[in-house]
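Just below is one structure, and these are the notes that go with it.
The values are calculated or read from the model by the stated rules, or taken from the named source; none is laboratory data. Note that the structure is predicted; figures quoted are calculated from it, not measured. Backbone-built Cβ (ideal geometry, glycine too); neighbour counts: all protein chains shown. Note: accessible area is taken over every heavy atom of the protein model, side chains too, but ligands, DNA and RNA are not part of it. Shrake-Rupley method; radii C 1.70, N 1.55, O 1.52, S 1.80 Å.
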Amino acid sequence: MIRVQPEIFDTGQEIKRLTADRTDIGAVVSFTGLVRDFNDGSDVTSLTLEHYPGMTERELEKIEKEANSRWDLQASLVVHRFGTMALGEPIVLVITASAHREQAFEAASFLMDWLKTKAPFWKQEENASGARDWVKERKSDIEAAKRWKG
Amino acid sequence: MIRVQPEIFDTGQEIKRLTADRTDIGAVVSFTGLVRDFNDGSDVTSLTLEHYPGMTERELEKIEKEANSRWDLQASLVVHRFGTMALGEPIVLVITASAHREQAFEAASFLMDWLKTKAPFWKQEENASGARDWVKERKSDIEAAKRWKG
Amino acid sequence: MRILYFAWLKTKLGITEETVACSAEIYDVDSLVAWIKTRGPQFQEAFIDMDVVRIAVNQEYVVTNVPLKNGDEVAFFPPVTGG
Amino acid sequence: MRILYFAWLKTKLGITEETVACSAEIYDVDSLVAWIKTRGPQFQEAFIDMDVVRIAVNQEYVVTNVPLKNGDEVAFFPPVTGG
């Protein structure tokens, strides 16, 4: 399942909803990305995420499908926000559930790495002086995504 | 932080408590282990965990300390239950928070792998016919722990 | 064709979206980009380094030149930075 | 010394905990195990394959023979299966 929304989400509630009444799940991994006050050394006060409606959903669906083809998952969820968000707020959530922990860990890590380099979102940071800057692509994200090939 | 308790826990609440009022955390990974109905092919109806009070806490503290020395974590939590638990209930929780996602992912995976082979807990499964069996050590857990050396 | 711009490309050009008709001059991605660059210095500048411009046709990434037709949706944007 | 047994070792021996005094016969881990095995067939059987018995002295794993003294806590248990 994937969701793209401006609204804040609650990681705990999403985990509960995804795993409710299931007795076949042994391992649940969640990843939550949060707005933090420093990015590459500059003092961030808020973050605005732009995205490409339509293509975003298609890309996230493709990435989730790929994760489910590579690992044996019993459930998976990707939620990504857009719009303006404050420090400490969640931006992105990935949940993977499997019978075995390695599967859940690897799939969650893969989902984040591919999402970071494929899903059409762009971050704009606002700093203390009111300046807004488009965040630059990170080499480490490109390297991380390469681990998974394909 | 580590906790050993018979009481059920709520992953969402634990994540909230650990990350509340923090704006320096960029990535939070949680792992929740649940009681599932099949283990190695046998039909499980409930699970009882015995542990070694005192040594359990010491081992978990050592493992958490090791994770914090290997990765740059802003917060970490390990909760492990003992006693009898029903299908679908959580057994173990690991949360790692970091500025960067790879750090949080790797540390959480490490914590689970070392905990699985070092923390003195023993599972006894009860199946549909009422028989109770001590769970056997898994080769895959030993192999997983070896990845991290030390 | 519907042409979309995102992030700094949008900011730089001051355009979110526009409609361009296919013609003898504009018939594939390369010729579309060549035409866009003729429209003024800010267009020239935005498309000077195609290594930092990603292209999607009908919401799918393209990395080679592909033919375009009226009705297609073409998007230009920087490398993504979500997550 | 306080001797503790866990999981199937406890079930098999029917003992959770006992107190054993150090002596000329019992002075290190190996001699303690040797003495325990003399106490009956179920003891002999439980300790026949030391590959599946883990040992902790004062709540720390030991993998080699170490000396013991009165006041020590020695625990015998199977490979762990938590998590």
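Figures for the structure shown
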read-out	value
Chain C - accessible surface per residue (Å², probe 1.4 Å)	48 Å²
Burial of 50 Å² or greater, the range B:45-61 residues [accessible area, probe 1.4 Å, versus chain by itself]	B:Glu50, B:Tyr52, B:Met55, B:Arg58
Counting DSSP beta bridges with both ends in chain D, the antiparallel % (nearest 5)	75 percent
Portion, in percent, of the accessible area of chain B that falls on carbon or sulfur, probe 1.4 Å	50 percent
Relative contact order of the range C:10-83, pairs being alpha-carbon contacts under 8 Å that are 6 or more residues apart, as %	30 percent
GNM top mover of A:Trp114, A:Trp134, A:Trp122 - chain A, alpha-carbon springs below 10 Å	A:Trp134
Listed residue pairs exceeding 29 Å between alpha carbons, taken from D:Lys10/D:Lys69; A:Lys116/B:Lys118; D:Lys12/D:Lys69	A:Lys116/B:Lys118
Label spacing, shortest first and in nm, from A:Ala86 to its equivalents in the remaining copies (7 angstrom along Cα→Cβ)	3.9
Interface burial for B against D (accessible surface, 1.4 Å probe, total of both chains, Å², rounded to 100)	1900 Å²
Accessible surface buried upon B-A contact (total; probe 1.4 Å; Å², nearest 100)	2700 Å²
Across A:Lys139/B:Lys62; B:Lys65/B:Lys146; A:Lys123/B:Lys16; A:Lys146/B:Lys16, pairs whose alpha-carbon gap is larger than 23 Å	A:Lys139/B:Lys62; A:Lys123/B:Lys16; A:Lys146/B:Lys16
Identity and axial distance of the chain A residue whose Cβ lies nearest the axis relating A to B, Å	A:Gly12, 1
Ascending list, in nanometres, of distances separating the B:Lys16 label from those of the other copies (7 Å, Cα toward Cβ)	0.8
Fluctuation leader among A:Glu137, A:Glu64, A:Glu126 - chain A, Gaussian network, Cα springs under 10 angstrom	A:Glu137
Tail weight of P(r) past 21 Å, computed on alpha-carbon pairs of the range B:1-84, percent	43 percent
Most mobile of A:Thr48, A:Thr32, A:Thr23 in a GNM of chain A (Cα contacts under 10 Å)	A:Thr23
Inter-copy spacing of D:Val52 label points, which lie 7 Å from Cα along Cα→Cβ, given in nm from shortest upward	6.4
Nearest residue to the symmetry axis between C and D, taken on chain C by its Cβ, in whole Å	C:Gly83, 14
Antiparallel DSSP beta bridges within the protein assembly as shown, percent to nearest 5	85 percent
Residues along the range A:20-43 losing 30 Å² or more of accessible surface when the other protein chains are present rather than the chain by itself (probe 1.4 Å)	A:Thr23, A:Ile25, A:Gly26, A:Val28, A:Ser30, A:Phe31, A:Thr32, A:Leu34, A:Arg36, A:Asp37
